[in-house]
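First up is the structure itself, then whatever we jot down about it.
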Amino acid sequence: MDLFGDLRRMNKRQLYYQVLNFAMIVSSALMIWKGLIVVTGSESPIVVVLSGSMEPAFHRGDLLFLTNFQEDPIRAGEIVVFKVEGRDIPIVHRVIKVHEKENGDIKFLTKGDNNEVDDRGLYKEGQSWLEKKDVVGRARGFLPYVGMVTIVMNDYPKFKYAVLAIMGAFVLLKRES
């Protein structure tokens, strides 16, 4: 397959059409993502489990579906995804304790099912409890191992670029029949 030869043989109208088609695919994916954010109330409605800390409930590479409706109270036993200040990657762990103050503020403590100790060592310095504002979402469903694609692409960047190049070439060279 001679990629550049095929591109040179395309007239400008065909090339413009293929680029426009690719842009429509990308913008459609973005609109679907933004729609999921609105429907689920979560800034990240889909996340991948990146470690084995939640085994046996979830394994590395499982794809989690999240919701984050603010009116729902957080309960012990729920699996939440939270962000810690100073860390880029959200953490998937179970709520083990919920603490309600007299003024109504609710704080909670998390722990990975496969971890020996709670998550206080993961929180920012001086923080002993999480608050609702730290929660990205709550697990509502999952697909086992579907997220391994994401993990492989992050662990092997050359593979990621090769897959993206092949997909881009496929879209550009796909001819309408």
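Tally Lys/Arg at +1 and Asp/Glu at -1 over every other residue whose Cβ is under 14 Å from the Cβ of R87; what's the total? Working shown, then result.
On the way: positive: K83, K124; negative: E85, D88, D119, E125, D134.
Net charge in that neighbourhood comes out at -3.
Among Y161, Y17, Y123, which comes first, then next, by fewest other beta-carbon atoms within 10 Å?
Fewest-to-most Cβ neighbours within 10 Å comes out as Y161, Y17, Y123.
HN-Hα J couplings of the stretch 122-137 from phi, Karplus 6.51/-1.76/1.60, θ = phi - 60°, integer Hz, Gly and Pro as x?
8, 5, 5, 4, x, 9, 10, 9, 8, 10, 4, 5, 7, 7, 8, x
Compute the distance in nm between two label points, each set 7 Å from the Cα along the Cα-to-Cβ direction, one at S128 and one at K97.
According to this spin-label approximation, the distance is 0.8 nm.
For V152, V95, which order do you get if you count the other beta carbons within 10 Å of each Cβ and list the fewest first? The partial results should precede the final answer.
Values: V152 13, V95 20.
So the ranking, lowest neighbour count to highest, is V152, V95.
Based only on other Cβ atoms within 10 Å, what is the fewest-to-most ordering of V49, V117, V171? Can you show the working numbers first?
Values: V49 25, V117 9, V171 16.
Sorted ascending by nearby Cβ count, the order is V117, V171, V49.
Figure the gain on full extension for A23 and I151 (residue separation times 0.36 nm, minus the Cα-Cα span) and round it to one decimal in nm.
This chain segment gains 43.5 nm when fully extended.
Of the listed values (i) 43, 18, 13; (ii) 70, 24, 10; (iii) 27, 20, 14, grab the one calculated as semi-axes √(5λ) of the Cα gyration tensor in Å from the structure here.
Entry (i).
If contacts are Cα pairs under 8 angstrom and at least 6 residues apart, what is the relative contact order of the stretch 46-145 in percent?
Dividing the mean separation by the residue count of the stretch 46-145 yields 35 percent.
Between 0 and 90 degrees, rounded to the nearest ten: what's the tilt of helix 157-173 against the longest Cα principal axis of the chain?
40
A short reminder: the numbers here are calculations on the coordinates, not readings from a lab. If you're wondering where the values come from, they're calculated on a predicted model, not measured in any experiment. Using ideal geometry, Cβ is built from the backbone for each residue, glycine included, and neighbour counts are taken over all protein chains shown.
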